[in-house]
Amino acid sequence: MLVVWLGLLTLAAGLVPGLLAGPAWAAFALLPLALLVWGWVMLERNWRSWRYAERSDDLLISRGVLWRQETVVPYGRMQLVEVTSGPLERHFGLASVQLHTAAAASDATIPGLVPTEAERLRDRLTELGEARSAGL
């Protein structure tokens, strides 16, 4: 979405002033272009910050570049594990695993997985959740 919106803004900021006021005014396109490049670098850093680890009793999800956030989900508290893949994710061959627990505020999502790995993780977490069910 960053590329789409800032790409369109870059085109508009370059073409409209360039056509109406002269070629020198097309330099206004440099600002959204710089934002596009900076945003792309930040997106890559954010994407690379996502980690998950299957531990003996729980799943650890870690993410964030400036503000690190770690989520620990005990296997026995998992109620639903689903694999989702929107149109953009499908286009790039990616999927996300989302964990649902009894807590309304649980934010346990692992995005950007290869679909086969997402399905393997879903099956593994479901198996571990059933084995360690906490009486729910």
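The values are calculated or read from the model by the stated rules, or taken from the named source; none is laboratory data. In this text the structure is predicted, and so the values were computed from the model without any measurement. When we count neighbours, we look across all protein chains shown, and the Cβ atoms used for this are built from the backbone with ideal geometry, even at glycine. Ligands, DNA and RNA are excluded from the accessible area calculation, which covers all protein heavy atoms including side chains. Shrake-Rupley method; radii C 1.70, N 1.55, O 1.52, S 1.80 Å.
Odds and ends about this structure:
- For the stretch 1-84, the fraction of 1.4 Å probe accessible surface lying on carbon and sulfur atoms is 71 percent.
- For the chain: accessible area per residue (Å², 1.4 Å): 67 Å²
- Quarter of Cα convex hull surface for the chain, i.e. mean projection, nm²: 10.3 nm²
- Charges were assigned to the Cβ only: +1 to each Lys and Arg, -1 to each Asp and Glu. The resulting dipole of the stretch 48-129 about its Cα centre is roughly 260 debye.
- Per residue, the chain reaches -15000 deg cm²/dmol at 222 nm when only DSSP H runs of four or more residues are counted, each adding -39500 (n - 2.57).
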